[in-house]
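Worksheet: the structure to be examined is printed underneath.
The values are calculated or read from the model by the stated rules, or taken from the named source; none is laboratory data. Given the structure is predicted, the values throughout are model-derived calculations rather than measurements. When we count neighbours, we look across all protein chains shown, and the Cβ atoms used for this are built from the backbone with ideal geometry, even at glycine.
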Amino acid sequence: MDEDSDMPLLCHRCGCDLTPGEGNFYVVRIEALADPTPPRYDEDEFARWTAEEIDAEINSLLDEMKHLSEQEMMDQVYRRLTIHLCGRCYRRWIENPAGG
Ligand SMILES: [Zn+2]
């Protein structure tokens, strides 16, 4: 699972060397999930759709998806990444995680 275990560990922000076992860095796991709420249709409107209109809607969705690779589709819905931060960068980052 940890595919970069052979790579030297570097701080994601400042690039300094991190030494496993010395307790001087943090592993930050970020999970990003697209809004998991299913799209809501106006039921009255949906009931007025003909079978052809529903077919056309499905086809246009499929058509859009054809342009995306499986990976791209996954990326749109779910991303998970792991970054390493040295203690100094971590303490700055955790105060403002969304600030870049
Ligand atoms: Zn750093």
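What are the residues in segment 71-92 that are more than 9 Å from the ligand (Cβ to nearest atom) and not in a helix (DSSP H, G or I), if any?
If the condition is that a residue be more than 9 Å from the ligand (Cβ to nearest atom) and not in a helix (DSSP H, G or I), then Tyr78, Arg79, Arg80, Leu81, Thr82, Ile83 are the ones that fit.
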Residue pairs qualifying under the 9 Å Cβ cut-off, at least six apart or on distinct chains, with the first in segment 72-100 being free of Cβ contacts under 8 Å to residues at least 40 places away in the same chain and the second being part of a helix (DSSP H, G or I) and within 15 Å of the ligand (Cβ to nearest atom), are Gly99/Trp93
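Determine if segment 50-68 includes at least one residue that is part of a helix (DSSP H, G or I) and touching a residue at least 24 places away in the same chain (Cβ under 8 Å). Let's see the steps before the verdict.
Restricting attention to segment 50-68, the residues satisfying the condition of being part of a helix (DSSP H, G or I) are 51-66.
Remaining after also requiring touching a residue at least 24 places away in the same chain (Cβ under 8 Å): none.
Looking for residues that are part of a helix (DSSP H, G or I) and touching a residue at least 24 places away in the same chain (Cβ under 8 Å), one finds none in segment 50-68, hence no.
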Apart from one, (1) loosely packed, with under 10 Cβ neighbours inside 10 Å; (2) modelled with pLDDT of 90 or more all hold for Gly87; the odd one out is (1)
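State whether the residues of segment 24-34 include one that is in a loop (DSSP other than H, G, I, E, B), within 16 Å of the ligand (Cβ to nearest atom) and under 26 Å from Pro97 (Cα atoms). Spell out the reasoning first.
Here is the first cut: in segment 24-34, the residues in a loop (DSSP other than H, G, I, E, B) are 24, 34.
The next check asks that each one be within 16 Å of the ligand (Cβ to nearest atom); those that pass are 24.
Then keep just the ones that are under 26 Å from Pro97 (Cα atoms); that gives 24.
The answer is yes; a qualifying residue exists.
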